[in-house]
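Read through the structure below, which is laid out as structure tokens, and then see the notes.
The values are calculated or read from the model by the stated rules, or taken from the named source; none is laboratory data. For clarity, every value in this text was computed on a predicted model and none was experimentally measured. Don't worry about glycine lacking a Cβ; one is built from the backbone with ideal geometry, like all the others, and counts go over all protein chains shown.
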Amino acid sequence: MAAAKKSSKSNVSAEELMSHYREMLMIRRFEEKAGQLYGMGLIGGFCHLYIGQEAVVVGLEYAAKEGDQRVTSYRDHGHMLACGMDPKGVMAELTGREGGYSKGKGGSMHMFSAEKRFYGGHGIVAAQVPIGAGLAFANKYKGTDDVSFAYFGDGAANQGQVYETFNMASLWKLPCIFVIENNQYAMGTSLQRGSSTPELYTRGEAFGIPGEAVDGMDVLAVKEAGERALAHCRSGEGPYILEMKTYRYRGHSMSDPAKYRTREEVQKIKSEKDPIDHVRDLLVTGKHASEDELKAIDKEVKKIVSEAADFATESPEPALEELYTDIYA
Amino acid sequence: MAIQILMPALSPTMEEGTLAKWMVKEGDTVASGDIMAEIETDKATMEFEAVDEGVIGKILIEEGTEGVKVNTPIAVLLEDGEDASAADDLGSKADAGSDTDDTDNGDDAGESDVSTKPAAQAAGDMPEIEMENIPEGTKFKKQTVREAIRDAMAEEMRNADEVFLMGEEVGEYQGAYKISQGLLEEFGPRRVIDTPITEHGFAGIAVGAAFAGLRPIVEFMTFNFAMQAIDQIINSAAKTLYMSGGQMGAPMVFRGPNGAAARVGAQHSQDYAAWYAQIPGLKVVMPYTAADYKGLMKSAIRDPNPVIFLENEILYGQSFDVPELDDFTVPIGKAKIAREGDDVTIVSFGIGMKYALEAADALAEEGIKAEVLDLRSLRPMDTNAIVKSVKKTNRCVTVEEGFPVASIGNYISSVLMQQAFDYLDAPVINCTGKDVPMPYAANLEKHALITTPEVIEAVKSVTYR
């Protein structure tokens, strides 16, 4: 993993650390449960887990304010939980049930929340990038100070529409943060095999968009970078690029045999860079939390996830009438 | 409580697999993320990770076992403090459990007995829509299609600040085809936005703006270039309302000239009517007269759905009577009888109407009274009006400029077979453009398009003259 430019500060409150710990753990336990339900056949189709990348969304959501928007790809469960969507509604969408955010009609890759300003959940690689800039366009048009986060991966970073969007976002000074979640693999193609220039944060230079590389496994570094990017966008300076150096522990989707990397590589990141272990260490070594307190959080999170899974398996399938609803407004 | 570990589904289509190798043995402690077994599917050998922590109490399926059905218990995991007897209980219950699963699957199959509507109805099945209301005594003025489109956009932009126009050369250049003439002066660069030449990108930005509550009008210099943006139009704009369970959609208009102009060759001369009309979630209109351009454009801008507005470069300069009303709208999804007759129904839309009307004039001189139906909207399509007319005339010819395979005419023919079979006295004929890329040479181009004599010939054929 490439070295990140910024390191995190140490003077962070216990409350903040506890919040990061809890939010990241929630995503991890949720995703583990999703994997389990997939294995049981309760979740169908494609299912892309976020395990390993938790610090990215948790750090950025901590920096965001009410009114900011977010849009991402199909690896979207973490983003939804981090912006405050109900784990029950998300899990029930994964199982294709009436209680899901899209009444079971969207599935894992296509989910939305108007209330939480989560604009999907998009299944076409990089399609969310111009959409994210469009949300920013609307903010500027309406004269609000809201900022949109357009998340995409290192694979999407090679799509043409990303650069069409960079050009217009910079030209029109749109308040949009392009978050490149560089988890090193575009499905099975490593960054080295697919990108002529591996430093993705420099991809905006030709358009005059500032960018920085961030240790995406360090939630505090992520949060601080997010604060810098948000300040830049809110002051009317236009878009900003954050390249989050991160790593996904699981396969691209559930049906990925993962022959493109070694088990040792995955194990090394897990043991040396795990974002949750990192915060746990800070909490324990800084004597911010006792083992018992952390265990209580683990238990609480496990309970919420377990209840979400119960809801998602008990919620009925959508009524057949739903086949023909929501096609036209 | 002991937990059953079930044979996992490791791909969207996996029903069974081979339990190739156990990586743990009874009595081993496992943590979340540990590799427990290797499982072979038809596609690959995959590692199977533990989700819960505990001690492997019992292995129920030996390694090397083939054809293990998904969800069959393969092992029992003990939690802290449990002994192996808990595993025995669960292990024996497991067999009974898998039987129950089979029964469940049977139920699921029974449930799929859905009385879905036939496809032909899904698009055409629509409530009765009121025809546009033009009060008696309304004055009309001659106006070109170009002016009608501009006036419609300007009126709607005056009505609502959320409406804006974006596209290539729409502002300072005053429109590549002069459609947006004067709009920059009236509304300024905030609402009349010149884009770089980047269809995919600005279409996507407009979709995002629509998600966030604005009402973009996206001008494509021509619909040929919208091919660059078609993913955003279909996957993002058309499908989001459905995929979000009704939470958000894209209230917007994609507009621009469509179909052949003159001598611009294969890449600039395609009619996309049938392409877009196929997509649930889109509305598609393709008007002929300036009045319909104006009224449908205003309706399209107000519509809460993405509307594909197919214009025609050759029609831009043609003049028609347009009612002088403060707020003249034409409902989307309503056809219009352009000319009454009893002998045959000619159904067309857009520039196809030119050939249909010319043919009807010529046929009248030979005593054949053709009824000409202007569809105006292709999705939803006013199939009721087509069926009603054909029940009167018993004959139908469709006219369009697009390619013959999977054309709008093909769809109309299928609707008539299903809904008016007993009324037809002749097979429906689809007059279309030829099945060739548009040639450049003047003589070849003329033949590649639909021609008025071909429409006349088709009508004579179905009327047995």
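Some points to look at:
- The residues in segment B:43-64 that are over 16 Å from B:Asp28 (Cα atoms) and either part of a strand (DSSP E or B) or not assigned by TED's automatic domain parsing to the domain that holds B:Ser11 (or both) can be counted, and the count is 3.
- From A:Lys116, A:Lys105, residue being out of contact with any Phe, Trp or Tyr (no Cβ under 9 Å at 6 or more places or on another chain) and either assigned to a strand (DSSP E or B) or under 24 Å from A:Val90 (Cβ atoms) (or both): A:Lys116
- Counting only helices (runs of 4 or more DSSP H) that sit wholly inside segment B:345-421, those with at least 1 residues that are among the charged types (D, E, K, R) are B:352-365, B:383-393.
- Pairs, first more than 10 Å from every other protein chain (Cβ to nearest Cβ) in segment B:184-195, second surrounded by fewer than 19 Cβ atoms within 10 Å (Cβ to Cβ) and assigned to a helix (DSSP H, G or I), C-beta under 7 Å, six or more apart: B:Glu186/B:Ala154
- Filter result (within 7 Å of chain A (Cβ to nearest Cβ) and outside any helix (DSSP H, G or I)) within segment B:196-240: B:Pro196, B:Thr198, B:Ala212, B:Gly213, B:Leu214
- Number of the condition not met by B:Glu62 [criteria: (1) within 11 Å of another protein chain (Cβ to nearest Cβ); (2) among the acidic types (Asp, Glu); (3) over 11 Å from B:Pro8 (Cβ atoms)]: (1)
- Cross-chain or 6+ apart pairs with Cβ under 6 Å, segment B:203-217 first and aromatic (Phe, Trp, Tyr), then modelled with pLDDT of 95 or more and buried (at least 24 other Cβ atoms within 10 Å of the Cβ): B:Phe211/A:Tyr119
- Boolean, B:Gly245 is within 15 Å of the chain's Cα centre (by Cα), among the small types (Gly, Ala, Ser) and modelled with pLDDT of 95 or more: no
- Matching residues in segment A:79-98 - criterion: being of a type in the set (Gly, Ala, Ser), surrounded by fewer than 24 Cβ atoms within 10 Å (Cβ to Cβ) and under 20 Å from A:Arg22 (Cβ atoms): A:Gly84, A:Gly89
- Top-ranked residue in segment B:425-438 [being surrounded by fewer than 18 Cβ atoms within 10 Å (Cβ to Cβ) and not small (Gly, Ala, Ser); ranked as farthest from B:Ala362 (Cα to Cα)]: B:Pro437
- Of all residues in segment A:127-178 being of a type in the set (Ser, Thr, Tyr) and more than 9 Å from every other protein chain (Cβ to nearest Cβ), the one that is surrounded by the most Cβ atoms within 10 Å (Cβ to Cβ): A:Tyr151
- Subset of segment A:97-152 [closer than 22 Å to A:Met168 by Cα, of a type in the set (Gly, Ala, Ser) and free of Cβ contacts under 8 Å to residues at least 24 places away in the same chain]: A:Gly134, A:Ala138, A:Gly143
- Listed by position, the helices (runs of 4 or more DSSP H) contained in segment A:229-329 that have at least 1 residues being within 10 Å of another protein chain (Cβ to nearest Cβ) are A:263-273, A:291-314.
Table: residues versus (1) more than 12 Å from every other protein chain (Cβ to nearest Cβ); (2) crowded, with 24+ Cβ neighbours inside 10 Å.
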residue	(1), (2)
A:Ala63	yes, no
A:Gly67	no, no
A:His77	yes, yes
A:Val125	no, no
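- Test: residue in segment B:439-449 that is surrounded by 15 or more Cβ atoms within 10 Å (Cβ to Cβ), of a type in the set (A, V, I, L, M), over 21 Å from B:Pro287 (Cβ atoms) and in contact with an Asp or Glu (Cβ under 7 Å, 6 or more places away or on another chain): no
- Here B:Gly167, B:Gly175, B:Gly171 are screened, and the one residue that is under 20 Å from B:Ala203 (Cα atoms) and over 28 Å from the mean Cα position of the chain (by Cα) is B:Gly171.
- A search for C-beta distances below 9 Å between a residue of segment B:343-357 that is at pLDDT 95 or above and surrounded by fewer than 24 Cβ atoms within 10 Å (Cβ to Cβ) and any residue that is part of a helix (DSSP H, G or I) and not hydroxyl-bearing (Ser, Thr, Tyr), counting only pairs 6+ apart in sequence or on different chains, returns B:Asp343/B:Leu363; B:Asp343/B:Val459; B:Tyr355/B:Glu454; B:Tyr355/B:Val455.
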